[in-house]
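Data block below; observations after.
Every number in this text was worked out from the coordinates using simple rules, so none of it is lab data. Keep in mind the model is a prediction, meaning the values are calculated, not measured. In this analysis, Cβ positions are derived from the backbone assuming ideal geometry, glycine residues included, and neighbour counts consider all displayed protein chains.
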Amino acid sequence: MKIGIDIGGSHIGIGIIEKNNELLYKCEKDYSYCKEDMTKVVDTIIELIKETIKENNIDISKIESIGIASPGTVCGETIIKAQNLGIKNLDISKEIKKIFDVPVYLQNDAKCAAIAEKKLGSLKQYNDAVFLTLGTGIGGAVFINGELLKPKRYSGFEIGHMVIEKDGKQCNCGRKGCFECYASMKKFKENIQKEFNLPNINGKSIKEFIIQNKENEKLENIINTYIDYLAIGIINLINIFEPEVISIGGSFAHYKEILLNRLEERIKKGEELFNQESAPKIIVAELKNNAGIIGATMI
């Protein structure tokens, strides 16, 4: 068996994966208390692994490996930088291997989710595909001829930091006008919270608010503006990679009924699309929040 770890924007997920890639157990833990010192995230992960082993009566000798899906730029055993989390040069794999005498693998979270979707989920039948995760930021991965594109140096494909607005909004990365400043799900929710003065509302309640106020003109404008920015970024990717399909994961999946059809229509009608006659399918990821955990054990 293997253990998969997925470091999210506010929670760390952990799962036990059997040889057939079946998720046998999963739990999540809030780690917001680490935000003042993100090196403590390693301690949190170690404690979470220990708790999981104890709760499931696991013989440590049966654990083949530990896989970690992390936001941001990763290389070897190190998270080089995860801007949205404030992590920089954290040797996370090395520290975990000191406690657990098993191989520890690290990969970008979007790549992990993409690998799981390609082998088990929404991308199984496609050779050329773009995978996007929309959540706190925007991550991505690309498959050409069935193979995941892998740069030699860093994890690459920082799709969320593709500039779509010159001199636009300030991004956490230090640049301006990045894709995720306009089209992350976090930004979508924040725009609604700000416009309608809903500071403490959670994602589920925001979805209910949208459904209950679908005739509201201000809300309609927010949704359409969001779709415009999301479509522009995706069309850029289509023009570059010409995929058969775009699969979207992250919290976007929870808003499928609200956003997906609008996005498909906007892309197909988009004048920015170079080959308008061959717009790819736009689908939602199947493995949802489990993709990162499962994919982390497939690295």
Mind checking the alpha-carbon convex hull of region 124-286 and giving the volume per residue in Å³? 128 Å³
Which order results if Cys181, Cys173 are arranged by neighbouring Cβ count within 10 Å, fewest first? Cys173, Cys181
Once the Cα atoms of helix 203-212 and of the chain are each reduced to a long axis, what angle between those two axes, in degrees from 0 to 90 to the nearest 10, is obtained? 20 degrees
Report, to the nearest 10°, how far helix 217-241 tilts away from the longest principal axis of the Cα atoms in the chain, using its own Cα long axis and a range of 0 to 90°. 70 degrees
Globularity ratio of region 190-284, using Cα Rg and 2.2 N^0.38 Å: 1.17
In whole angstrom, largest first, the equivalent ellipsoid semi-axes that the Cα gyration tensor gives for the chain are 32, 22, 18
Please report the relative contact order for region 1-156, taking Cα pairs under 8 Å with a sequence separation of at least 6, and give it as a percent rounded to a whole number. 18 percent
Based on DSSP H runs of at least 4 residues, each adding -39500 (n - 2.57), what is the mean residue ellipticity at 222 nm of the chain after dividing by all its residues, to the nearest 500 deg cm²/dmol? -11000 deg cm²/dmol
If you restrict to DSSP beta bridges whose two residues both lie in the chain, what percentage is antiparallel, to the nearest 5? 60 percent
Rounded to the nearest Å, what's the spacing between the alpha carbon centres of region 66-101 and region 175-220? Just the number, please. 31 Å
Two decimals is fine: what is log10 I(q)/I(0) at q = 0.16, 0.18 Å⁻¹ for region 63-132, from a Debye sum with one equal scatterer on every Cα and no solvent? -0.63, -0.75
